[in-house]
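S.K.: Could you have a look at this structure, given as structure tokens, before my questions?
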Amino acid sequence: MLLNILFIGDIVGKPGMEMVQTWLPGLAKKYKADFIIANGENAADGKGCTEKEGKILFDLGVDVITSGNHIWDKHQSQDYLKEEKRILRPLNYPKGTYGRGYTIIETKKGKVGVLNLQGRAFMAPIDCPFRAADWALSRIKQETNVVFLDFHAEATAEKLAMANYLDGKISVLVGTHTHIQTADERIFPKGTGYITDSGMTGPYDSVIGMKTDAAINRFVYQTPQKYQTAKNQVHLCGLFVKVDTETGETVEIERICLPEFEKKKIGENN
């Protein structure tokens with residue numbers, strides 16, 4: 001049996017949320033999605049994901065919200081992590097950090113495990129994501145062979161190392177965090193679907209979603225700047241995969257990148 005999984009890449013602020021609200025119903029229908037995952041760590045004004053954004057996404061049909069290092073940036077997001085079991089934070093934060101790093105969800109086609117990890121290269125020196133993956137898989141694989149990993153990491157090398165390390169052990173590894181979609185989607189030799197970064201769902205007339213002036217000044221002057229979410233040239237990016245529920249292998253993979261000006265076509269085609 002084949003399971004259709006749709007992943008929405010890093011949602012940034014109100015522009016990203018509005019694009020998801022516009023596009024997701026049509027995309028879910030187009031791809032006959034059985035399971036939908038969205039990275040929402042920047043959904044609330046460019047930082048964090050509160051109950052407000054979570055409710056919108058879950059009402060749209062999202063099954064699990066993954067995140068990353070910015071999920072901690074709003075105290076409302078931190079409270080939400082304690083309460084909502086369908087939103088994940090990276091598993092490999094130190095012991096005692098609240099929130100969940102993986103979950104197992106029942107679907108009409110069987111159970112799906114979703115795992116969230118964070119890289120360490122050029123990021124906070126938290127616990128080892130490779131060993132955290134081993135620990136989580138020892139539990140998830142007792143219930144299902146279908147495992148989807150959102151690996152929130154900066155370095156391409158670390159993402160590729162993780163993909164090779166877990167090839168055949170997980171169904172899909174989607175890289176997030178850099179907000180720039182890579183054109184390297186593929187299926188590894190033992191059946192793991194992969195993309196280095198799924199890209200951003202948000203404004204592309206920006207520096208990774210933020211207004212350009214503040215971002216430039218941060219680099220020029222090396223001083224803190226107040227970031228604000230940009231507004232223009234909004235895109236929706238993500239990934240679609242078909243997974244064999246018996247073997248857990250990806251059998252089809254497609255990168256998604258849809259600019260705002262084409263949104264009418266989705267409505268016309270569905």
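S.K.: Only one of these conditions is not met by K82: (1) surrounded by 15 or more Cβ atoms within 10 Å (Cβ to Cβ); (2) at negative phi; (3) not aromatic (F, W, Y). Which number is it?
M.R.: (1)
S.K.: Right, another one. Identify all residues within the stretch 175-198 that are outside any strand (DSSP E or B) and either of a type in the set (F, W, Y) or under 18 Å from N69 (Cβ atoms) (or both); write none if there are none.
M.R.: Quick first cut of the stretch 175-198, residues outside any strand (DSSP E or B) only: 177-185, 188-192, 196-198.
Answer for the stretch 175-198, where residues must be outside any strand (DSSP E or B) and either of a type in the set (F, W, Y) or under 18 Å from N69 (Cβ atoms) (or both): H177, T178, H179, I180, F188, T196, D197, S198.
S.K.: Now for a separate question. Name the residue that is farthest from S67 (Cα to Cα), counting only residues in the stretch 162-174 that are among the aliphatic types (A, V, I, L, M), touching a helix residue (DSSP H, G or I) at 6+ places or on another chain (Cβ under 8 Å) and not in a strand (DSSP E or B).
M.R.: First, the residues of the stretch 162-174 that are among the aliphatic types (A, V, I, L, M): 162-163, 166, 170, 172-174.
Now narrow it down to the ones that are touching a helix residue (DSSP H, G or I) at 6+ places or on another chain (Cβ under 8 Å): 162, 166, 170, 173.
Of the ones still in play, those that are also not in a strand (DSSP E or B) are 162, 166.
Values: M162: 18, L166: 20 Å.
Only one residue fits best here, namely L166.
S.K.: Just name the residue that is farthest from the chain's Cα centre (by Cα) out of those in the stretch 241-265 that are closer than 16 Å to F188 by Cα and of a type in the set (A, V, I, L, M, F, W, C).
M.R.: V251
S.K.: Within the stretch 202-229, take every residue that is of a type in the set (S, T, Y) and assigned to a helix (DSSP H, G or I) and give me the one that is nearest to P259 (Cα to Cα). First the steps, then the outcome.
M.R.: The first filter runs over the stretch 202-229 and keeps only residues of a type in the set (S, T, Y), leaving 204, 206, 212, 221, 223, 227, 229.
The next check asks that each one be assigned to a helix (DSSP H, G or I); those that pass are 212, 221.
Details: T212: 19, Y221: 33 Å.
Only one residue fits best here, namely T212.
S.K.: Hey, K85 hits all of (1) in a helix (DSSP H, G or I); (2) at pLDDT below 95 but one; which does it fall short on?
M.R.: (1)
S.K.: Pairs under 9 Å by beta carbon, first residue surrounded by 21 or more Cβ atoms within 10 Å (Cβ to Cβ) in the stretch 5-34, partner in a helix (DSSP H, G or I) and of a type in the set (S, T, Y), six or more apart or different chains?
M.R.: none
S.K.: Which condition number in (1) touching a residue at least 60 places away in the same chain (Cβ under 8 Å); (2) assigned to a strand (DSSP E or B) is the one that K111 fails?
M.R.: (1)
S.K.: In addition: For K95, only one of the following conditions fails: (1) in a loop (DSSP other than H, G, I, E, B); (2) surrounded by fewer than 22 Cβ atoms within 10 Å (Cβ to Cβ); (3) in contact with a strand residue (DSSP E or B) (Cβ under 8 Å, 6 or more places away or on another chain). What is its number?
M.R.: It is condition (3) that K95 fails.
S.K.: Could you grab me the full set of residues in the stretch 121-161 that are of a type outside the set (A, V, I, L, M), over 23 Å from D63 (Cβ atoms) and outside any helix (DSSP H, G or I)?
M.R.: Of everything in the stretch 121-161, those that are of a type outside the set (A, V, I, L, M), over 23 Å from D63 (Cβ atoms) and outside any helix (DSSP H, G or I) turn out to be F122, P125, D127, C128, E154.
S.K.: Now for a separate question. State whether one or more residues within the stretch 248-265 are closer than 30 Å to S171 by Cα, outside any strand (DSSP E or B) and modelled with pLDDT of 85 or more.
M.R.: Within the stretch 248-265, one or more residues are closer than 30 Å to S171 by Cα, outside any strand (DSSP E or B) and modelled with pLDDT of 85 or more.
S.K.: Scan the stretch 23-52 for residues that are in a helix (DSSP H, G or I) and modelled with pLDDT under 95 and jot them down. Show your work before the answer.
M.R.: To start, the set of residues in the stretch 23-52 that are in a helix (DSSP H, G or I) comprises 23-30, 51-52.
W23, E51, K52 - these are the residues of the stretch 23-52 that are in a helix (DSSP H, G or I) and modelled with pLDDT under 95.
S.K.: Just the residues that are in contact with a Lys or Arg (Cβ under 9 Å, 6 or more places away or on another chain) and in a loop (DSSP other than H, G, I, E, B), please, taken from the stretch 1-22.
M.R.: M1
The values are calculated or read from the model by the stated rules, or taken from the named source; none is laboratory data. Keep in mind that what you see is a predicted model, and the values were worked out from it rather than measured. Positions of Cβ are generated from backbone atoms using ideal geometry, with glycine treated the same way; all protein chains shown enter the neighbour counts.
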